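First the structure, in the form of structure tokens, and then the observations on it.
The values are calculated or read from the model by the stated rules, or taken from the named source; none is laboratory data. Remember, predicted model here, so these are calculated numbers, not experimental data. In this analysis, Cβ positions are derived from the backbone assuming ideal geometry, glycine residues included, and neighbour counts consider all displayed protein chains. Heads up: the accessible areas ignore ligands, DNA and RNA and are worked out on the full protein's heavy atoms, side chains in. Shrake-Rupley method; radii C 1.70, N 1.55, O 1.52, S 1.80 Å.
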Amino acid sequence: MQIKLTVNGEPRSDEVEPRLLLVHYLREQCGLRAANVGCDTTSCGACTVLLNGKSVKSCTMLAVQAAGQEITTAEGLAAGGELHPVQQAFRQEHGLQCGFCTPGMVMAAAGLLAENPHPTEAEVREGLEGNFCRCTGYHNIVRAVLSAAGSMSA
Amino acid sequence: MIPAPFQYEAAESAGHALDLLARHGEDAKLLAGGHSLLPMMKLRLAVPSVVIDIGRVEELAGIRADGDDLVIGATTCHADVAASDLVRSQTPLLAYAAAQVGDPQIRHRGTIGGSLAHADPAADLPMALVALGGSMEISGPAGRRTVAADDFFAGFFETSLQPDELLTAVRVPRHPGPDWGYQKFVRRANDWAIVGVAAAGGRIALANMGPVPVRATAAEQALAGGASVADAAAMAAEGTDPAEDIHADRAYRQHLARVLTRRALEHQKG
Ligand SMILES: Cc1cc2nc3c(=O)[nH]c(=O)nc-3n(C[C@H](O)[C@H](O)[C@H](O)COP(=O)(O)OP(=O)(O)OC[C@H]3O[C@@H](n4cnc5c(N)ncnc54)[C@H](O)[C@@H]3O)c2cc1C
Ligand code: FES
Ligand code: FES
């Protein structure tokens, strides 16, 4: 069936099978490969994207459920080639190791800061509860999110 | 994994959803947030031939006060229940329960109606609704009916909802006071309760202590008869028949029910 939606600010219209998962639609049909499939069971958060500004796991959503909605992936965060403050902070604070969890972490963090611009460290840790880093680099990830919160409100 | 093929219908209103259910019969499944149904479809534990999406039906979402009750639309997501000023001030137990579901991403998609219709005995909202003495508003071909949470859960993942019926809203009596407690015992982040206890006023509900969320009636009666919290909590597992799994055997679950009930009756949140 035909769906119309907005992906990273651009209106799109695509033919999709109803059973196509949003993450596969984004990766294969839109060519946006930032969102990764880690667990495929709503646990790891590697597939996190923003749906109307709220973080969701795109492995547990159908592309047809996104019809009429706005999706943002990590590719869409950097406006005009300028890194988003969260991306900038992950680079500065060494918030990634292998990088597999990073697009999901960055999107979850961007969603968290949109809802709570001044989180405490505990709120950052709880806010990223749905994202696993198998390199276990949580310490720097939390530091990066706190630093991004500071730079966004500055 | 990708679900088996199905026909997709997006409902435009509650009435339209009911028409689609009537037309497609038992082969059809309603899709709200999809955070129970889609994982089951990926695993082929559910193979509906028609999926009726109610996720964008505006009249089914939202929270309002109605006299002594709050009325919460079925497709209101857990995050909106948890963040609602009305829910937080008038039934803080419900806001707390919604905030315990999974993780932020799951709470942005999963809905209160989906959680109740799914009826996982380990889930947060079924236990909360039983503790608060809430009820379900249901529409079907024969009209509307209201079912008390105590009567709604019929068995393991089973409710009194018929295949052609739609849960439209949840009704919860206001319980604004501080006399409530909530205990969810888990070993991992974003998991279901190994045992859960929600207590409000004189009511005590247990999660994962049987095929449905159950009331700890012996403990409730002891409390009503003037027993101490410790003595009442010691009776919390009476009459329960919890399942055994890798997390806990029957005796351990019953032990947890007693300990967590005491904490819940002391109005602890955890
Ligand atoms: C990784 C993970 C962790 C989770 N952790 C928890 C947890 O800690 N605690 C907890 O309580 N839950 C947890 N959940 C479940 C979560 O609460 C789901 O949101 C909820 O169980 C289902 O809601 P949904 O809107 O996604 O329903 P869906 O998946 O869309 O539907 C579930 C079922 O209900 C039916 N249904 C949906 N809406 C209606 C309606 N209005 N009328 C009639 N039938 C309807 C559907 O047909 C389907 O059978 C978790 C889920 C995942 C994936
Ligand atoms: S791939 Fe979606 S949560 Fe892991
Ligand atoms: S950086 Fe490797 S999984 Fe997080």
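Would you confirm whether any residue within region B:118-125 is aliphatic (A, V, I, L, M), over 25 Å from B:LEU206 (Cβ atoms), surrounded by fewer than 24 Cβ atoms within 10 Å (Cβ to Cβ) and not assigned by TED's automatic domain parsing to the domain that holds B:ALA193?
No, because not a single residue in region B:118-125 is aliphatic (A, V, I, L, M), over 25 Å from B:LEU206 (Cβ atoms), surrounded by fewer than 24 Cβ atoms within 10 Å (Cβ to Cβ) and not assigned by TED's automatic domain parsing to the domain that holds B:ALA193.
Please work out if B:GLY62 is surrounded by fewer than 16 Cβ atoms within 10 Å (Cβ to Cβ), assigned by TED's automatic domain parsing to the domain that holds B:ALA149 and either modelled with pLDDT under 95 or not acidic (Asp, Glu) (or both).
yes
Looking at region B:72-94, is at least one residue part of a helix (DSSP H, G or I), in contact (Cβ under 8 Å) with a residue 60 or more places away in the chain, surrounded by fewer than 18 Cβ atoms within 10 Å (Cβ to Cβ) and away from every other protein chain (no Cβ under 12 Å)?
Yes: region B:72-94 contains one or more residues that are part of a helix (DSSP H, G or I), in contact (Cβ under 8 Å) with a residue 60 or more places away in the chain, surrounded by fewer than 18 Cβ atoms within 10 Å (Cβ to Cβ) and away from every other protein chain (no Cβ under 12 Å).
Just give me the residues in region B:1-59 being of a type in the set (Ser, Thr, Tyr) and either in a loop (DSSP other than H, G, I, E, B) or free of Cβ contacts under 8 Å to residues at least 24 places away in the same chain (or both), in sequence order.
B:SER13, B:SER36, B:SER49
Of the residues in region A:52-66, how many are more than 10 Å from ligand 2 (Cβ to nearest atom) and crowded, with 22+ Cβ neighbours inside 10 Å?
Residues flagged as more than 10 Å from ligand 2 (Cβ to nearest atom) and crowded, with 22+ Cβ neighbours inside 10 Å within region A:52-66 amount to 6.
Applying the selection to region A:52-66, what residues are out of contact with any Pro (no Cβ under 7 Å at 6 or more places or on another chain) and facing chain B (nearest Cβ under 7 Å)?
Matches in region A:52-66: A:LYS54, A:VAL56, A:LYS57, A:MET61, A:GLN65.
Determine which member of the set B:HIS267, B:HIS247 is on the phi > 0 side of the Ramachandran plot and surrounded by 15 or more Cβ atoms within 10 Å (Cβ to Cβ).
Checking each option against the conditions leaves just B:HIS267.
Of the numbered conditions (1) farther than 20 Å from A:LYS54 by Cα; (2) touching a residue at least 60 places away in the same chain (Cβ under 8 Å), A:THR136 fails exactly one; give the number of that condition.
A:THR136 satisfies every listed condition except (2).
When you look at A:CYS30, is it without any contact (Cβ under 8 Å) to a residue 60 or more places away in the chain and either open to solvent by 20 Å² or more (accessible area, probe 1.4 Å) or among the aromatic types (Phe, Trp, Tyr) (or both), yes or no?
Judged against the criteria, A:CYS30 is a match.
Can you find even one residue in region B:196-216 that is of a type outside the set (A, V, I, L, M, F, W, C), within 14 Å of chain A (Cβ to nearest Cβ) and open to solvent by 20 Å² or more (accessible area, probe 1.4 Å)?
So far as region B:196-216 goes, no, none of its residues is of a type outside the set (A, V, I, L, M, F, W, C), within 14 Å of chain A (Cβ to nearest Cβ) and open to solvent by 20 Å² or more (accessible area, probe 1.4 Å).
Can you name the residue in region B:165-188 that is in contact with a helix residue (DSSP H, G or I) (Cβ under 9 Å, 6 or more places away or on another chain) and of a type in the set (A, V, I, L, M) and is also nearest to B:ALA22 (Cα to Cα) among such residues?
B:LEU166
Is it the case that region A:99-111 has a residue that's open to solvent by less than 60 Å² (accessible area, probe 1.4 Å), without any contact (Cβ under 8 Å) to a residue 40 or more places away in the chain, within 12 Å of chain B (Cβ to nearest Cβ) and within 16 Å of ligand 2 (Cβ to nearest atom)?
yes
Quick check: anything in region A:135-146 open to solvent by less than 40 Å² (accessible area, probe 1.4 Å), at pLDDT 95 or above and away from ligand 3 (no atom under 16 Å from the Cβ)?
no
If you take just the helices (runs of 4 or more DSSP H) that sit entirely in region B:99-210, which of them hold at least 3 residues that are of a type outside the set (Asp, Glu), closer than 25 Å to B:ALA248 by Cβ and within 12 Å of ligand 1 (Cβ to nearest atom)?
B:112-118, B:124-132
If you go through region B:183-199 one residue at a time, how many are of a type in the set (Lys, Arg) and in contact (Cβ under 8 Å) with a residue 40 or more places away in the chain?
Count: 2.
Got a sec? Which of A:ALA74, A:ALA46 is more than 8 Å from ligand 2 (Cβ to nearest atom) and at pLDDT 95 or above?
After applying the criteria, what remains is A:ALA74.
Can you give me the number of residues within region B:18-49 that are surrounded by fewer than 22 Cβ atoms within 10 Å (Cβ to Cβ), hydrophobic (A, V, I, L, M, F, W, C) and at the interface with chain A (Cβ under 10 Å from one of its Cβ atoms)?
1
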